[in-house]
Each structure stands twice: as C-alpha cells, then as structure tokens.
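In what follows, a structure is listed as structure tokens, so that the remarks can point back to it.
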Amino acid sequence: MSQKISSIRGMNDILPTQTPLWQWLEARVRNLLQGYGYGEIRMPIVEHTELFKRSIGEVTDIVEKEMYSFDDRNGDSLTLRPEGTASCVRAAEEHGLLYNQVQRLWYAGPMFRHERPQAGRYRQFHQIGVEAFGMTGPDIDAELILMTARLWRDLGLQDKVVLELNSLGDSEDRARYRDALVGYLSQHADRLDEDSRRRLERNPLRVLDSKDAGTREVLRQAPRFDDYLGDEARQHFAELCAVLDAAGVAYRLNPALVRGLDYYGKTVFEWVTDSLGAQGTVCAGGRYDGLVSQLGGKPVPAVGFAMGIERLILLLEQGRPELPEAADLYLVSTVPPTASLVLAEQLRDMLPGVRIQSHCGGGSIKSQMKKADKSGARWALIVGEDELASGEISLKPLRGGGDQERIVRTDLAERLAALMKL
Ligand code: HAM
C-alpha cells in the first residue's frame, strides 16, 4: 500500500461536525456587518510580496519570519496573504473605490503565517476583517469598537473578552517618541535581549511589546508614549474614549500596545481573553491613515480590525451555543426510490426552506430509524409498502415526545406546515 499523505502542520481541516458552529458564527457576523452598512469585498489569497513588505513593514515578525513567499513560473515573488488589510487597500485603490468617497468594507477568508503552531495559533487561520475608508474622526473608530462589543453580546462572549486601547499618535508624535525611546534604550542596550537590541536599531517601538523579563524591567522606566502625544491625537483619543464611556463599553488603557504591524497610527485596540492561554487576542486593529499613500494612492484616512475565527470558535466551544440541527425531516423508506425520492422532491416544492434528508442505501426500517435519530431531525417520515398501498405516510416525532400518526399523502404538506408553524 502506498504511504498516506497528511495535511501540512498548522493547517487544519474543518470537519462536518465543526462547520455548523463556523457557519453559525459567520452568519451572525455577516448579519451584524450588514446591519451597520458594511459591504463585502473578496480579494485573491496571493499577492505580490512587495505589497506586504511595504505595508506591514520590513522589520516585523510577519515579514521577516512568517510569510509564505515563492517565485511563480514567471519569476515574480508572490506571497500567500498573511493578513487582509494590505490586499483590501490594494483592491480598493485599484478599482477606484477610495476616490472622494467613504467605504465600509469587510472580507473573510484564510490567512497564512509560518508561526509555531499551538492551540489558537495556526499557519493557515481565518479572519473576518473590516476596513473603513475616508473618515478621519474618532466617530468611525468608535463605531467599529461598538460594533465588536455588540458582536460579543450577540455571541454570549461579553464576559470573556476585555478591550485594550492605546494611541500611537500621528507620524510626528511617533518620530519624537521614537527618538526619546531610542535615546533611553540605547543607554541600557546591554540589558536588552538580542531581538530587542536588533529592533532598537530598525523598529524601536516594537521593543515595547517584548516578552523578555530583562527588557521588560528596562521598559519600566522608559519614556511613555502618552507624554509625546500631540494635541490632535490626544483630542482624537479623548473623543473616542468619551463615546465608549457614554455607550458603557469598558476598556483598559495599555501604553505597551503597539501591534505587530507597522501601518498603525493614533487608535490601536485589541480584544483579549484569558480563557485561551497564550493566544489571547481574538480581535485587533486600529487606524492607519498613512497606508493608502504608502501604497501609491492619494492619502485616505482608514481604520479597521480583524478577528481570528479559530480563536472565537475555541471560546464559543467553551459555552456550546445551541445550534440548529442539520435536518427537519428524515425520510425513511422501504419502497423504491421512484416513490420516496419523488415524495421528497414534492415536499421540497411545497415547503420551501424545510430541510429534508432522504435515506439512501436501503436497510431495515429499524436501522434507518437509528440513522434518523442520529441525524438530529425533528421528525421521521416513514414510507413502507403498507403506506404506499394506502396512499398514506407515517410521521414519527423524534424529539420532545408525541405519537406516531398516519397522514393521507395529499394532507401531508399542510400537516407538516402546521407542525412546523410555517
Ligand atoms: P493581527 O493582529 O495580525 O491584525 O491579526 C488579527 C487577528 O487574527 C488576531 O487578533 C488573531 O485573533 C488572529 N490571528 C493572527 N494570527 C493568527 C494565527 N497564526 N493563528 C490564529 N489566529 C491568528 C491583522 O491581521 C490586521 N490586518 C488587522 C487590521 C485590519 N487592522 C486594521 N484593519
């Protein structure tokens, strides 16, 4: 026998037992986004490598260590997208969606990062991302956060997640702060870990979220971003916080929140949980007013976030929400399919939207009834020789009790509609 080929480490199959929860979650998010006036955009999963280098930043973990890049047959360097923002900006700009107009967009799909896999961290993972273009004020930042807070309530996760918030100021604020931080950290370079020493030269703000104990000790006395925020960024942040306060959305200010992608300025936020071990960020984003021009467009203000679907699924599984069963009716039959499958088709015509699973493959009534029960359907419809001869169908409730009844075939659709309150 030849050897079996398995899936790639960190890239998971999502099985039929798992997809109902995925679909339930995706449907809720889709409804929410439609309710706030966001339109869906779908981008390719492969882009020119340069797009990610220029947007996410050369000195970031993603670009330095995690991208799946390869040369295609023309010799162009392409990359499996590690995130959606860069592609979304590219697509929106390419199709003229950003010219003198406001856009509220969302996308969903797989992203790829070559990280060390563990629970909640995968090499292929899924995001639902939201990007809002053309609005400078803190109102849109607030709308995005209020929308996510509503989603957690809707999913029953409101007690499991906490909002962390920070402002990275505008580009001048960041430059002034960077100088101050570099000045301070350079004096203590010998106490920094190796990664932080390297970042100190090329991307000093990233030192702020180092996990190394020695570096964290040095950071305790470091200059605080807060002291370098200019008036405009300070005002922007204060107005955002005021909306959150008024709407009753609690948050924790976290001056060390700098995010792992370089395009952010002003507002940054993360929804974190302590129910998932080390991989606690379930949704994250912020403002990126400089990115569109950095990618060659006219300047367009923008803000967005993305949530990690696998992490949300892990959280939801801890509470097990009630999911709809796969079928309403399971059709059990010992008569030829010319009778049973035709009956199922007629019922589908008469009762649109009702989910009917027809048993295929024969077997005794007893074994078919076991399958009917396992399917999760609420009723079994039974067509045996007896029923066929008398023009009737047997209907047996599978959930919540009740007696089996025999119904004249011409009355069946009406009886089912009444039972299902259609
Ligand atoms: P990010 O923080 O890199 O931001 O990713 C957003 C979310 O994706 C994370 O909070 C996490 O839930 C999930 N995620 C990231 N990496 C993995 C992984 N290896 N395995 C499982 N889940 C993961 C962005 O991607 C930005 N594009 C967000 C954004 C949109 N900012 C503005 N607009």
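Counting Lys and Arg as +1 and Asp and Glu as -1 over every other residue whose Cβ lies under 10 Å from the Cβ of residue 63, the net charge comes to -2. Most fluctuating residue of 140, 365, 56 in a GNM of the chain with Cα springs under 10 Å: which is it? Most flexible of the set in this elastic network: 365.
Over all other residues within a Cβ to Cβ distance under 12 Å of residue 44, the charged ones net out to +1, with Lys and Arg as +1 and Asp and Glu as -1. Neighbours of residue 153 by Cβ distance under 14 Å: Lys/Arg scored +1, Asp/Glu scored -1, total +1. Between residue 212 and residue 101, residue separation times 0.36 nm minus the direct Cα-Cα distance comes to 35.5 nm.
What shape does segment 313-401 have by the C-alpha gyration tensor, where a ≥ b ≥ c are the square roots of the eigenvalues, rounded means a/c under 1.5, and otherwise prolate means a/b greater than b/c and oblate the rest? Prolate shape, in that a/c is at least 1.5 and a/b is the bigger ratio. From the square roots a ≥ b ≥ c of the eigenvalues of the alpha-carbon gyration tensor of the chain, which class results: rounded (a/c under 1.5), prolate (a/b over b/c), or oblate? Taking the square roots of the gyration eigenvalues as a ≥ b ≥ c, the chain is prolate.
Cα-based radius of gyration for segment 1-152, normalised by 2.2 N^0.38 Å, reads 1.19. Taking a probe of 1.4 angstrom, what is the accessible area of residue 231 in Å², to the nearest 10? Accessible area of residue 231: about 130 Å². State whether segment 75-136 is rounded, prolate or oblate according to the following rule on the C-alpha gyration tensor (a ≥ b ≥ c being the square roots of its eigenvalues): a/c under 1.5 gives rounded; otherwise a/b larger than b/c gives prolate, and the remaining case gives oblate. Oblate. Legend: residue pairs 160/371; 65/160; 371/421; 4/211; 266/298, Cα-Cα distance threshold 29 Å; pairs beyond threshold, 160/371; 65/160; 4/211. The chymotrypsin sites (Phe, Trp or Tyr not before Pro) of segment 70-139 meeting both criteria, a DSSP state outside H, G, I, E and B (loop) and at most 14 other C-beta atoms within 10 angstrom of the site's C-beta, are 99.
For segment 277-362, what is one quarter of the convex hull surface built on the Cα atoms, given in nm²? For the Cα atoms of segment 277-362, the hull's average projected area reads 12.2 nm².
The values are calculated or read from the model by the stated rules, or taken from the named source; none is laboratory data. Computed from a predicted structure; not experimentally measured. We place every Cβ from the backbone using ideal geometry, glycine too, and count neighbours over all the protein chains shown. All accessible areas refer to the heavy atoms of the entire protein, side chains included, with ligands and DNA or RNA removed. Shrake-Rupley method; radii C 1.70, N 1.55, O 1.52, S 1.80 Å.
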